[in-house]
1. Step by step: first the residues of region 22-50, then only those that are modelled with pLDDT of 90 or more and within 16 Å of the ligand (Cβ to nearest atom), then the one that is nearest to I101 (Cα to Cα). Which residue is that?
2. Name every residue in region 57-86 that is closer than 16 Å to L125 by Cβ and of a type in the set (S, T, Y), in order of residue number.
3. Cβ contacts < 7 Å: first residue more than 13 Å from T126 (Cβ to Cβ), restricted to region 16-41; second residue part of a loop (DSSP other than H, G, I, E, B) and among the hydroxyl-bearing types (S, T, Y), any location; separation 6+ or different chain. Result?
4. Looking at region 89-110, can you tell me whether even one residue there is farther than 17 Å from L125 by Cβ, modelled with pLDDT under 95, in contact with a strand residue (DSSP E or B) (Cβ under 7 Å, 6 or more places away or on another chain) and in a strand (DSSP E or B)?
5. Out of all the residues in region 60-83, which are assigned to a strand (DSSP E or B) and surrounded by 19 or more Cβ atoms within 10 Å (Cβ to Cβ)?
6. Scanning region 84-116 for residues that are among the aliphatic types (A, V, I, L, M) and crowded, with 18+ Cβ neighbours inside 10 Å, which turns out nearest to G53 (Cα to Cα)?
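The values are calculated or read from the model by the stated rules, or taken from the named source; none is laboratory data. Quick caveat, the model's predicted, so the values are computed rather than measured. We place every Cβ from the backbone using ideal geometry, glycine too, and count neighbours over all the protein chains shown.
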Amino acid sequence: MYGKTRNGGKKVHRGIDLYRPHGLPVWCFMDGEVIRAGEQIGSSGIREDAGYGLRIYVKHKDNVQTVYGHLGRCFATVGEEVRGRHVLGLSGDTGNATGEIDHVHFEVRVNGRPVNPILFARKVLTNG
Ligand SMILES: [Zn+2]
């Protein structure tokens with residue numbers, strides 16, 4: 001659930017977990033530029049996305065950013081211009097997704113702040 005705390009309340013869930021069996025396409029929310037792709041860098045990396053495993057960040061217009069986590073395959077590369085309905089990767093269970101229902105972690109940030117992504121979720125799971 002968006003905004004819910006986990007792990008004893010230490011970490012706020014900044015996105016939503018979209019039910020998605022492994023190995024299915026994950027579509028880009030809308031046109032944008034890939035700014036991070038692949039495995040997060042260990043302890044020296046950016047802490048905010050620790051646990052996301054293979055993940056993709058896309059920068060869109062109007063300071064909107066989307067995040068797709070726990071992917072099984074990552075097709076997009078940093079610097080790539082992607083369109084809405086572009087397949088960014090395949091769903092999976094990398095990072096700390098183990099033990100939960102198969103899902104894609106999805107976040108929307110506006111001006112760097114997480115917003116509730118539920119209204120945008122359909123575009124990630126369907127090619128339309
Ligand atoms: Zn999540």
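1. H22
2. Of everything in region 57-86, those that are closer than 16 Å to L125 by Cβ and of a type in the set (S, T, Y) turn out to be T66, Y68.
3. Here the result reads I16/Y2; V34/T77; A37/T77; Q40/Y52, each pair linking region 16-41 to a residue that is part of a loop (DSSP other than H, G, I, E, B) and among the hydroxyl-bearing types (S, T, Y).
4. yes
5. Of everything in region 60-83, those that are assigned to a strand (DSSP E or B) and surrounded by 19 or more Cβ atoms within 10 Å (Cβ to Cβ) turn out to be Q65, T66, V67, Y68, G69, H70, L71, G72, C74, V82.
6. Checking each candidate, the answer is A97.
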